[in-house]
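Reviewing the structure listed below.
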Amino acid sequence: MSHDHDDRPQLTAAQAAAVLTPPPGRTGGDLVVESLQGLGATTVFGLPGQHALGMFDALRRSSLRYVGLRVENNAGFAADAYGRITGEVAPLLLSTGPGALTSLAALQEAAAASAPVLAIASQVPTAGLGGGRHGYLHELRDQQASVRDIVKSVHTVRAASQIPSAIAAAWESALTAPHGPVWVEIPQDVLLAETTLPVVSAMDATPRELYPRPELTIAAAHLLSNAERPVIIAGGGVVRSDASGKLRALAERIDAPVVTTFGGKGAFPWEHPLSLRSWLEDRHTTDFLEDADVLLVVGSGLGELSSNYYTFRPRGRVIQIEADAGKLESNHPALGIHSDAREALSDLLETVERREDPGAAERVRTVLEKVRVRIDAQELTLEQQVLAAVRQALPDGSPSFWDMTILSYWAWSAFDARRPNTMHSAQGAGGLGYAFPAAIGAAAADPTTPVLAVSGDGGAMYSLAELATARQYDAPLTWLIVDDGGYGILREYMTDAYGEATGTELTRPDFVALAESFGVPAVRTTPDSLATDLTKALAAPGPSVVVLPALLRMFEPTHL
């Protein structure tokens, strides 16, 4: 059996000599960083630990930029945001046991949001693997078992020669649609042992493309071309596959109204005549979607939030385009198309027939007016004023990161993201503490653009240590902390359900004084001065904090 090597790059004499006589003093840790460089990584996130020191020592000898956070979970959130913003793999270097386990909530968010994070964790020495109780520091019986249910794939290394292949396989897995977090595990002794293996050169880990089957495209195009009331739900898959242009072209070709999910913010222009915006937690929108005779769902599984808490009952035909096979028809029977959103929309555009519906825009206006009347009747002027001030202050191209807090819940429905891939939140897994460390990751991805993080005081307490990180790297970001003295949304939920709240009231610091103690400029603002103070903070170099004492309320739910 012969192999054709003609298409492979040929080494020069100097390169061949370098391969045959690698520099001395290299370890397994060097193979890790060389593999990452060979795959195209430029930035890594993480936190050192005893078993992982071989990787961190090797960083010194590499061109990789290291962004170190103060808590592993926050490092994971930063890597998650870097992956979302760039679409590239974000390496996350972790230690064994407590360090590895502390990252799990961030990896769950990355999995839920399909962010390509490559976690590389150390392990106890090889002799301690296998589940015996040897008593090594940080020892777990089976460290992989803790992550296997969260990440897309797990890759184990037991010898230095396995490192490049394991990292390349993980890299490919992270970038294959749907994107997601992956896990590589390397024992301490393998990372520390000297190696005479050649320096790792450029490596190929091209992800597999996920194309729609042509017969499904034809069937979907026929349904859409002949629909009387087609509607499109655009999810996060549209944003991740950079398909917002294709989505708009298709919507305009068949005159179909478009609603974006909370994960799909910015996928469709907010002010477009066909834009239903993002009012998915509103019964008027739910009724409109149920009335569609053909509903095209792109890049969404129609989960809890996107289905108005599972009260949505489509009466027409559903077409679902989804890269995650597990989400296909998981909530509603559909013509399921397992495909990357961009590829499927591109094929649909070539196949669907033009369809004109002069009344579509008017029906959209009617729904939005009903939503406006419902919200206005609840006297929520303060909440809308605060959200409008944030929108006024935030430059169109600036990314924003939102924690699980009342202002974020408003933003999911009511905030105009203006551009795709600029608004991100922790609504995938729903954990606290996401916004500020994620903003640090976004600032690392593009230090030329100011970044906004939005937290409540409860969520902010998860991330205070990262004020030191933001100062250390002079990150161009502003942290808006809405201080209502507790876990505001849980206070509302419990008061509504039980008449009073338990465990929701918090003693918290003077956030302005605290930020200033880290050398981060901070200001206490009011709803009236918020736009001015935020604008000033976002325009200033480096990190800043804006604290808004305010008791915000949620709009009334329609699913109960």
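Just a few scattered comments:
- Potential extension, ASP474-LEU137 segment - 0.36 nm per residue separation minus Cα distance: 117.9 nm
- Treating r as the C-beta distance of GLU362 and ARG313 and R0 as 25 Å, the FRET efficiency rounds to 0.50.
- Listed by chain and number, the aspartates and glutamates placed with their C-alpha closer than 17 angstrom to that of LYS327 are GLU109, ASP149, GLU304, ASP340; residues fewer than eight positions away on the same chain are left out.
- Residue-wise HN-Hα couplings along segment 205-211, as the Karplus relation 6.51 cos²θ - 1.76 cosθ + 1.60 with θ = phi - 60° gives them from phi, are 9, 5, x, 6, 7, 10, 9 Hz; Gly and Pro carry x.
- The C-alpha atoms of the chain define a longest principal axis, and helix 488-498 lies at about 60 degrees to it.
- When only alpha carbons are used to place a centre, segment 337-384 and segment 409-436 end up 19 Å from one another.
- Ellipsoid equivalent to segment 292-350 - semi-axes via the Cα gyration tensor, in Å: 19, 13, 9
- Rounded to 10°, Cα long-axis angle of helix 530-539 versus longest principal axis of the chain: 30 degrees
- 21 Å Cα-Cα reach of LYS246 towards lysines, excluding residues that sit fewer than 8 places from it in its own chain: LYS265
- From the C-alpha gyration tensor of segment 114-158, square roots of 5λ in Å: 23, 11, 9
- Within-13-Å neighbourhood charge of GLY431 [Cβ basis; K, R +1; D, E -1]: -3
- Over all other residues within a Cβ to Cβ distance under 10 Å of ARG363, the charged ones net out to -1, with Lys and Arg as +1 and Asp and Glu as -1.
- Long-range HN-HN contacts of LEU335 with modeled amide H, under 5 Å: VAL318, ILE319, GLN320
- FRET efficiency for the pair ASP293 and MET461, taken as 1/(1 + (r/R0)^6) with r the Cβ-Cβ distance and R0 = 45 Å, rounds to 0.40.
- If you take all other residues with their beta carbon under 15 Å from the beta carbon of ALA267, and give Lys and Arg +1 and Asp and Glu -1, the sum is +3.
- Angle between the chain longest axis and helix 381-393 axis [Cα atoms, degrees, rounded to 10]: 50 degrees
- For the chain, accessible area per residue (1.4 Å probe, heavy atoms of protein chains only), Å²: 41 Å²
- Relative contact order of segment 230-353, pairs being alpha-carbon contacts under 8 Å that are 6 or more residues apart, as %: 27 percent
- Residue (of LEU129, LEU289, GLY28) at the positive-pole extreme of the chain, dipole from beta-carbon charges: GLY28
- In straight-distance terms, cross-link reach from LYS370 covers every one of the aspartates and glutamates whose alpha-carbon lies under 20 Å from its own, apart from those fewer than eight places away in the same chain; here that gives GLU271, GLU281, ASP282, ASP287, GLU290, ASP291, GLU362, GLU379, GLU383, ASP416, GLU556.
The values are calculated or read from the model by the stated rules, or taken from the named source; none is laboratory data. Just so it is clear, the structure is predicted and the values come from calculations on it, not from any experiment. Every residue, glycine among them, receives a Cβ derived from its backbone with ideal geometry; neighbour counts consider all protein chains shown. Protein only, heavy atoms only, side chains kept; ligands, DNA and RNA dropped before computing areas. Shrake-Rupley method; radii C 1.70, N 1.55, O 1.52, S 1.80 Å.
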